[in-house]
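The values are calculated or read from the model by the stated rules, or taken from the named source; none is laboratory data. Computed from a prediction, not measured in an experiment: that's the story for all the values here. We place every Cβ from the backbone using ideal geometry, glycine too, and count neighbours over all the protein chains shown.
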Amino acid sequence: MNDFDLWNILKQKIDNLSLQQGSYAKEGDVWIASVGRNIGTEENGKGATFSRPVLILKKFSRETAWILSLSSKQKRLKFYYNFTDPLNKPSTIILSQLRVISTKRLNRKLYSFSNKEFQRVRDVVRNYL
């Protein structure tokens, strides 16, 4: 079975979930999310749950949010926002990977940005768009 088949099975299970802890996510939070096996240069999740860290940029409801994928590979490109996470590890927000997801995809919270840092991120996103 290939990754697309495995992701499709998991995606169906996620879709059948009732809203869970992800519905309590707040703007500025970083969560592990099942983003899936994607196409081309879209950021994929890793492991059995096809997950990666994401920043909650905007909550539209308990069920829907705009997210940005994070990576540990920092690059000096205009669509990367490099920072150091609370565990003192290099990280980056991939501005070009903005997307809407169901909060059912959110598995667990990792940390929250400070208000000041989150405002800086929002300004960078606004300028990028």
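Where in the range 1-83 are the strands (runs of 3 or more DSSP E), entirely inside, with at least 2 residues that are more than 22 Å from N127 (Cβ to Cβ)?
Numbers: elements: 29-34, 51-59, 64-71.
Strands (runs of 3 or more DSSP E) meeting the threshold: 29-34, 51-59.
For the range 1-23, how many residues are in contact (Cβ under 8 Å) with a residue 24 or more places away in the chain and of a type outside the set (K, R)? Give the derivation first.
Applying the first criterion (in contact (Cβ under 8 Å) with a residue 24 or more places away in the chain) to the range 1-23 yields 3-4, 6-7, 10-11, 14-15, 17, 19-23.
Next, only the ones that are of a type outside the set (K, R) stay: 3-4, 6-7, 10, 14-15, 17, 19-23.
Here the count works out to 13.
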Exercise. When the residues of the range 1-54 are filtered to those that are in contact with a Lys or Arg (Cβ under 8 Å, 6 or more places away or on another chain) and of a type in the set (V, I, T), which remaining residue is nearest to S112 (Cα to Cα)?
Worked result: V30
Problem set entry | the range 45-73, subset basic (K, R) and within 14 Å of the chain's Cα centre (by Cα), residue surrounded by the fewest Cβ atoms within 10 Å (Cβ to Cβ) | K46
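For (1) under 29 Å from K11 (Cβ atoms); (2) modelled with pLDDT under 95; (3) touching a strand residue (DSSP E or B) at 6+ places or on another chain (Cβ under 9 Å), each residue gets a yes or a no:
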residue	(1), (2), (3)
F50	yes, yes, yes
K58	yes, no, yes
L70	yes, no, yes
R76	no, yes, yes
I94	yes, no, yes
Y111	yes, no, yes
Y128	yes, yes, yes
Problem set entry | Any chance R76 is surrounded by 11 or more Cβ atoms within 10 Å (Cβ to Cβ) and either at negative phi or in contact (Cβ under 8 Å) with a residue 40 or more places away in the chain (or both) | no
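Is at least one residue of the range 49-62 in contact (Cβ under 8 Å) with a residue 60 or more places away in the chain and closer than 30 Å to M1 by Cβ? So that I can check it myself, show each step before the final result.
Let us first name the residues in the range 49-62 that are in contact (Cβ under 8 Å) with a residue 60 or more places away in the chain, namely 55, 57.
From the residues that got through so far, the ones that are closer than 30 Å to M1 by Cβ too are none.
Among the residues of the range 49-62, not one is in contact (Cβ under 8 Å) with a residue 60 or more places away in the chain and closer than 30 Å to M1 by Cβ, which makes the answer no.
Quick one: which residue in E117, E63 is among the charged types (D, E, K, R) and closer than 30 Å to N16 by Cα? Let's see the steps before the verdict.
Details: E117 fails: closer than 30 Å to N16 by Cα.
From the options E117, E63, the qualifying one is E63.
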For this session: Go through the residues of the range 96-103 one by one and say whether even a single one is farther than 30 Å from M1 by Cβ, in a loop (DSSP other than H, G, I, E, B), of a type outside the set (D, E) and at pLDDT 95 or above.
Result: yes
For this session: State all residues of the range 23-44 that are within 12 Å of the chain's Cα centre (by Cα) and either closer than 18 Å to T64 by Cα or modelled with pLDDT of 90 or more (or both); if no residue qualifies, say none.
Result: A25, E27, G28, D29, V30, W31, I32, A33, S34, V35, G36
